[in-house]
Amino acid sequence: MKRVALYIRVSHEEQAMKGYSLQAQENRLRQYANEHHYQIVDYYRDEGVTARSCPGRRKEFARMLRDIKAGHIDCILFIKLDRWFRNVSDYYTYQALLDQHNVIWETTEEEYNTHTAQGRLYLNIKLSIAQNESDTTSERIHFVFADKIKRREVISGKLPIGYSIANKHIIQNAQAPIIRDIFQYYLNTHSIHKTMHYLANIHNIHRSYPAISKLLRNERYIGTFYGIKNYTTGIIDKQTFETVQQLLKNASSKTISSPLSCANNIISPLMASATAPLHPPSNITNTTENRHENNNTYAKYTIPCKYLFKGLLRCPHCNHKLVGLTRHYKGTHYIYYQCPQSHHKALTCPNKTLYKESLIEKNLLTLLPTLLPKAVTPLTLIATNSQELKPSNFPMHFYWYCHQQYPNWVRANQYQYWHWWVEEVTLPTTLLITHENIKLKHHTI
């Protein structure tokens, strides 16, 4: 029995004008499958998605592709070709994938024969007509939007807190004073976290930490809409907005000294005497007040302390660098890493795994010491009192000291720890980190 996937797509405009509702399509496809004695594997419904949307960004379409690659589907059913694609290039790109997995497609309302030259010509004509219709619609919409912008009318019905729509124009509403209060409160506290709680406790508006951060950065509050300045009267004056942006920028990036500068500060007493006291890595600070004048000695870093492994982790499927994301649950935030290709280019990478940062950190702290040469630790070296530390051996001694102090460091220093020793880590989906997954940097002093 042929295993079929029922693919349904409709945009809001088509549903209103042509009656292509999801339910109507589903009923027709189910009837067709039953008449031909097909086994329905699943229903894939992309609602409110236009034909011009990138296929890789259609969530249900991407899910169907994963099932195709897994060998669960023999045939795809849709009512008309324009439900599938309205772009000749996209059609042939994904047709190659279907051919690779021996998957065919059928339409319930149209007849196509792709096995003959005449049939392929007819298919190309239909695709070209559908693409032209889509392009014409897009041009008409752009023309309407351009006319609306000239008249300073609203284009979309979704507006941020503090704005409403009246007579097709954007105006301030009763919540505008709340936005001014929030900006002023952040200016006084310099804390997004406090601002988040203030908004909830005083104004009874609950927003997550990222939402507050996005709110404070939103240019619409100075009247900039659709990339046009002074599109409407801003809720926040420009001077206040620019001051807030500068504070946010200073808070999100911290300038610190590199571990190399810390190593240079520690190596002198070690070289002078094996019994010299070790200075803790407190030299790795979040400011540059004590930065040495010699730029070769002190390297300047601007780091995002939010994600410890930013730029170090790679996807096991496509080798693309993983990106960090934060999720909040009951007042606690959790940091994960994911492959951006799996969301933007589902055909390229199927890896939807979320890697939890705390688990990565725990595994690496356990495994990393086993990858580095066994060296005499600084504490043991002090006890012998007779050995002389050579500069070429120092990175290993410095590592063992950092490894011991890691739990006591602030997040910015922990970030530098990983970026000092590790080149990159390829994470398997099981999160089982092995020696072969880690590339180390080579350092000599």
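Read the figures in this text as sums done on the coordinates, not as results from a lab. The structure displayed is predicted, hence computed values, not measured ones. Neighbour counts run over all protein chains shown; Cβ positions are idealised from the backbone, glycine included.
Report note on the peptides 360-368, 420-428, 187-195: ranked by the mean count of other C-beta atoms within 10 Å, highest first, their order is 420-428, 360-368, 187-195. Which lysines, on any chain, are close to K249 with Cα under 23 Å apart, when same-chain ones fewer than 8 places away are left out? Correct list for K249: K194, K214, K229, K238, K300, K306, K310.
Using a Förster radius of 22 Å, what is the FRET efficiency between H101 and S128 based on their Cβ-Cβ separation? Nearest 0.05, please.
0.25
Note on H142 and S89: the extension gain reaches 16.8 nm, defined as 0.36 nm multiplied by sequence separation minus the Cα-Cα distance.
Classification of the stretch 171-252 by its C-alpha gyration tensor yields an oblate form. The axis ratio a/c (a ≥ b ≥ c) is 1.5 or more, and b/c is at least a/b. Treating cross-link reach as a plain straight distance, find the aspartates and glutamates whose alpha-carbon is under 17 Å from the alpha-carbon of K158, omitting any fewer than eight places away in the same chain. K158 reaches E219.
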